[in-house]
Amino acid sequence: MSGAATPPPAVNGTGSAYAGLITRIVAFAADAAIINAVAIGVGLVVAVGLSLFHLPHDVEVVLAAIGGAAAIAWGIGYFTFFWSTTGQTPGDRMLSIEVRREHGERLHIGRAFLRVLALPLSVIPFGAGMVLILFDRRRRALHDLLVGTVVVYVVRVPRAQRASMSPPPSSATRRPKRISAG
């Protein structure tokens, strides 16, 4: 895509509209903590439940493999769901960043899924694909370049301020009052 869109304005206090390496790593660490806490919690509950039964070793191995596959699917589903619905995982929201397509649109589920699958390419070997963030003018890692995404800062507007900023409903959108007969 040779004609890049006009870059979004820098967010106050950051000097850039695009999220940097440290911000993205901290957001990812927060998401990893959530993913692991849920996976470990579910694993413990299942393990305690299965401990009531005497299972053959081969069955335990199969169940462990199924648990591992479920943990991987949970992680993939977590990122795919959040990036395709709100553009922000809980870790991203905590640091006021959002994943978008290069021209500002939200990710569709397919692109979010591809981004998750491409993420290991940025980490292996030794995080080399993440280092690109330091040199790319839009701070894109290898997986961003491959899938056509950017990570941008978003301005948080406090809930009270949002309520005061929203216009009052027009008469066309207000519900008519019901008049009871009797």
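The values are calculated or read from the model by the stated rules, or taken from the named source; none is laboratory data. Fair warning: this is a prediction, and the values are worked out from it, not measured in the lab. Positions of Cβ are generated from backbone atoms using ideal geometry, with glycine treated the same way; all protein chains shown enter the neighbour counts.
Would you mind finding the one in G110, G75 that is in contact (Cβ under 8 Å) with a residue 40 or more places away in the chain and over 17 Å from V151 (Cβ atoms)?
Numbers: G110 fails: in contact (Cβ under 8 Å) with a residue 40 or more places away in the chain.
The unique qualifying residue is G75.
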**Message:** Can you say whether S51 is of a type in the set (G, A, S) and closer than 30 Å to R156 by Cα, as far as the supplied structure shows?
**Reply:** no
**Prompt:** Across region 105-119, what is the number of residues that are within 12 Å of the chain's Cα centre (by Cα) and exposed (fewer than 14 other Cβ atoms within 10 Å of the Cβ)?
**Reply:** 1
**Asked** Can you find a residue in region 140-149 that is at pLDDT 95 or above, of a type in the set (K, R) and assigned to a loop (DSSP other than H, G, I, E, B)?
**Response** yes
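Would you list the helices (runs of 4 or more DSSP H) that sit entirely within region 1-104 and hold 1 or more residues that are at pLDDT 95 or above and over 17 Å from the mean Cα position of the chain (by Cα)? Steps first, answer last, please.
Working: elements: 21-50, 57-85, 90-94.
By residue number, 21-50, 57-85.
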**Unmet criterion (only one of (1) modelled with pLDDT under 95; (2) surrounded by 13 or more Cβ atoms within 10 Å (Cβ to Cβ)) for R137** = (2)
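Name the residues in region 79-93 that are closer than 11 Å to Y153 by Cα and either touching a Ser or Thr at 6+ places or on another chain (Cβ under 8 Å) or surrounded by fewer than 22 Cβ atoms within 10 Å (Cβ to Cβ) (or both), would you?
Q88, R93
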